[in-house]
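This report concerns only the one structure given below.
The values are calculated or read from the model by the stated rules, or taken from the named source; none is laboratory data. This is a predicted model, so every value here is computed, not measured. Here the Cβ is made from the backbone with ideal geometry for all residues, glycine too, and neighbour counts use every protein chain on show.
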Amino acid sequence: MALCLANSLIARRNYVPYDQLVRYKWWHLEGYMSSTGSCFDIGSATRQSLVEFERRQKEFAKKHKIPLDDLDFLSDPELLDDFEVNCSKEGVAGNGALMRLAPVPLFFYRDPIDAIKYSGHSGEITHGDDKAIDACRYYGALIVAALRGETKEELLDNKFYSNHEEWFYGKSLHQDIMEIALGSYKKDGYAKGIRGKGYIVSALEAALWAFWSDKDSFKTGALSAVNLGDDTDTTAAIYGQLAGAHYGFRKLPEKWAEQIYAKKFIECLSKWIVYEGKNWSLKRQTAPTIPTVIVQSPCKVGGVSPFEQKTNSSMQSWPTENQMHGSKSFENNQTGQMESISTSEQSSDFRPRRYTVHDRAFALQPNPHKEHRSNSAEKQNPTSSSERKDSKFLIRQHQ
């Protein structure tokens, strides 16, 4: 799910929660970004939210007369604003909101207020409880602070929240999260009640305990998180986000780093998210050109008019919080190049439509496991040159 979130931020060059949910749905249904080629170990809260998202998509398509095949690629800001993306119910406070968080503060850390606001909302779309939202806000703030060079002592200071209160845009933390921020995790581990449970408050406390007690060793902290038992992988994933931001890639255990599936792809993605995050920060106050692919079906007037695609390159305001959409393609970046070629497709509905189909080039590496199942060499290197076709686009990705 973290890779899905990272891909969304890169492809849309912005925070677009609808697109994040689309990618989570792809993971759930098709194994998108999974190391095994299929979804496994999905939590009940996340599953329920994604089922609700699919239901809302179908209703939305019917209301706006959008073909189901195009529904996952919407970019029109008015339509995105009209779609209710918070698909969870109140009281849902599982740790799934927190375990995937890191791409958001990585992308927005240059603008702490935005980073923390989006960190909270990135959890809210699948986990609606205030404790889940505020756990993501607080942990996002810690990652932001680590990326901005604050010391471990500053990160673990019991006054961290008060020292950074302006980052939280005047909204205090839930009491249960505030107790953790004030140092409730600073105790003798399992013997004193630290538990790596599925409940987000327990998971946050356990991850911070592992970071506090890791003796400045990523390996020690990760093993401590796992050895608490219960929801071991999630506790360690939460620990790794903050510890990784603080210690950096070069201080990860070398043997562990070499074992990572799709290592080169993840390295590429990591550089890409830094690049796009920097561009977002520089451009957010300007009005750049944002090209999109506009699909229109002209009315029947004296016969059938040909289906046409138009490229809209007009100057638009940079998206606000309620108007978030992406751009057509990413080119000439520091990690690779991507080209997309679109082809026309006849529509069966000739009433005028107003929606934007987001370029399928943004479906980065949808399922490398399935595509390269018969080629072990390529399976170990999913970033090697490859081609993928679908009904409208041909994508070529080059190292």
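Of all residues in the stretch 248-273, those that are without any contact (Cβ under 8 Å) to a residue 12 or more places away in the chain and among the aliphatic types (A, V, I, L, M) have Cβ atoms under 8 Å from Cβ atoms of residues that are surrounded by 13 or more Cβ atoms within 10 Å (Cβ to Cβ) and in a helix (DSSP H, G or I), 6 or more apart or on another chain, in Ala257/Lys263; Ile260/Ile266. Filter the stretch 215-256 for residues that are surrounded by fewer than 20 Cβ atoms within 10 Å (Cβ to Cβ) and among the acidic types (Asp, Glu); which is modelled with the highest pLDDT? The extreme case among them is Asp216.
Residues in the stretch 181-201 that are surrounded by fewer than 21 Cβ atoms within 10 Å (Cβ to Cβ) and not in a loop (DSSP other than H, G, I, E, B): Gly189, Tyr190, Ala191, Lys192, Tyr199.
With the requirement that a residue be polar (S, T, N, Q) and more than 17 Å from Thr151 (Cβ to Cβ), what does the stretch 199-227 give you?
Passing the criteria: Ser202, Thr220, Ser224, Asn227.
In the stretch 209-235, the residues that are on the phi < 0 side of the Ramachandran plot and free of Cβ contacts under 8 Å to residues at least 60 places away in the same chain reach residues that are among the basic types (Lys, Arg) and in a helix (DSSP H, G or I) with C-beta atoms within less than 7 angstrom, at least six apart or across chains, in these pairs: Phe218/Lys251. Of everything in the stretch 158-209 that is among the aliphatic types (A, V, I, L, M) and in contact with a strand residue (DSSP E or B) (Cβ under 9 Å, 6 or more places away or on another chain), the residue that is farthest from Gly240 (Cα to Cα) is Ile200.
Out of the helices (runs of 4 or more DSSP H) lying entirely within the stretch 63-134, which hold 3 or more residues that are surrounded by fewer than 21 Cβ atoms within 10 Å (Cβ to Cβ) and among the β-branched types (Val, Ile, Thr)? Ranges flagged: none. Take Ser202 and tell me if it is at negative phi, touching a helix residue (DSSP H, G or I) at 6+ places or on another chain (Cβ under 8 Å) and of a type in the set (S, T, N, Q). No.
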